[in-house]
Amino acid sequence: MSDAFRTELIALLPRLRRFALGLTARPDLADDLVQAGCERALTRQHQWQPGTRLDSWMFRILQNLWIDHLRSGGREQPVEPEEIENVADRDWDRGLEAKLTLEQVVAAMGRLPPSMRAVLTLVCVDGQSYKEAAATLEVPIGTVMSRLARARLELHRALHAGASGGEAGHAHLH
Amino acid sequence: MRTYTDEQLMAYADGELPAAEVQAIAAAAAADPELAQRIERFAATRRVLHAAFAPTLEEPVPARLLEALASPERKVVPLRRITPASWVPMALAASIALAVGLSVSLWLPQAGPAVAGLPQDMAALGEVLETRASGEPQPVTQGGRSYEILPTATLRAAAGWCREFQSTLEGEHPARARGVACRQPDGQWQLVAVAAAGGAAAAAGEYVPAGAGEPDLAAGLGASERLTPAQEAGLIRDNWRQAPR
């Protein structure tokens, strides 16, 4: 086992945790996912090509583990995005933005399908370009863009409803 | 008037549009409030997501994750079996100091490293790394023992600002350790790697010869760059406020 590999993984942990939170929208499971991802990474270290991006490799591992988890009966049910309404944008302002907590944002993300959350987290949270996100998720860049656009409009709508409609508009986990 | 797809407007808001198309959209948005509003939704969601998740990067990493990376023999628990109720509090984490490889050990943040030559209290070490230039030895007295801590280099690494140092226990049973610590967002210095050096016996009883045979402790930091004395002096003077990358 290479010490360098472990040390690099340790350095990545904060970003992996952040990605896992966005991907799962489950604060109670995000660290479990990271832990399972680290364990898998150590057993499959030989599959990683030195010189390629370890972060992308790890994000892929987390995403695959999460998909496996959902397929094997994990509790998340993919939510059908509601028809995107024409939000009255005048009600959305910077004041509203400033009041949004991580909890609210994560709850709203929980309403999106996992594939949308993955791309949303990579681009808007981790700061990857469309091209980088496409490489990380191994999908065409056009897929990244259509998922991302859809996810952001849906999120905008959900956050708006949640922030202006009180509890009734909040997305719920589980 | 030309119509734009959501993807185009999003790419514009994200700065991902080819320069040739940027001007056209900017002009169209200036003349069309509805178009500007569509663009603003993408800009707003990016701002919100970025801001909401930003503090998560600075949270301390749970000990169990560090433990998972430190002990390969640990049994792999399938994710689906893990429920919040079964989480084990990691109170024992502080006692774990797992040897990785023969000569380099990774330590949990709060664990008092048991390598001879290194003071138990990390705060004193952190103080020296925070404030002293490379090449300036600092005496530290702890538990009746005298140590000399010598920062040897400052590195710009993927993990942030890191420093290499040497710590020597003086007195009847002298011992020397070399280590690398990285500065955390909260200002704490976290030990990333440590090895006994200079003929001292390591905790596990391994003898690590000084010089050529010693492991490069900073190798695990990924691509790292050594700072010049002037750059380092600037960082220390500025309380490490400059972003490492």
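Quick notes
- Counting every other Cβ atom within 10 Å of each residue's Cβ, A:Thr7, B:Thr56, B:Thr45 order from fewest to most as B:Thr56, B:Thr45, A:Thr7.
- Across peptide B:118-126, the average count of Cβ atoms from other chains found within 10 Å of a residue's Cβ is 0.
- Other protein chain C-beta atoms within 10 Å of residue C-beta, averaged over A:30-37: 6.
- Put in order of Cβ neighbour count within 10 Å, fewest first, the listed residues B:Phe53, A:Phe59, A:Phe5 become A:Phe5, B:Phe53, A:Phe59.
- Ranked A:Asp68, B:Asp6, criterion: other C-beta atoms within 10 Å, fewest first: A:Asp68, B:Asp6
- Average beta carbon contacts from partner chains per residue of B:58-67, 10 Å cutoff: 4
FYI, it's all coordinate maths here, none of it is from the lab. Note that the structure is predicted; figures quoted are calculated from it, not measured. FYI the Cβ positions are ideal-geometry reconstructions off the backbone, even for glycines, and counts take in every protein chain you see.
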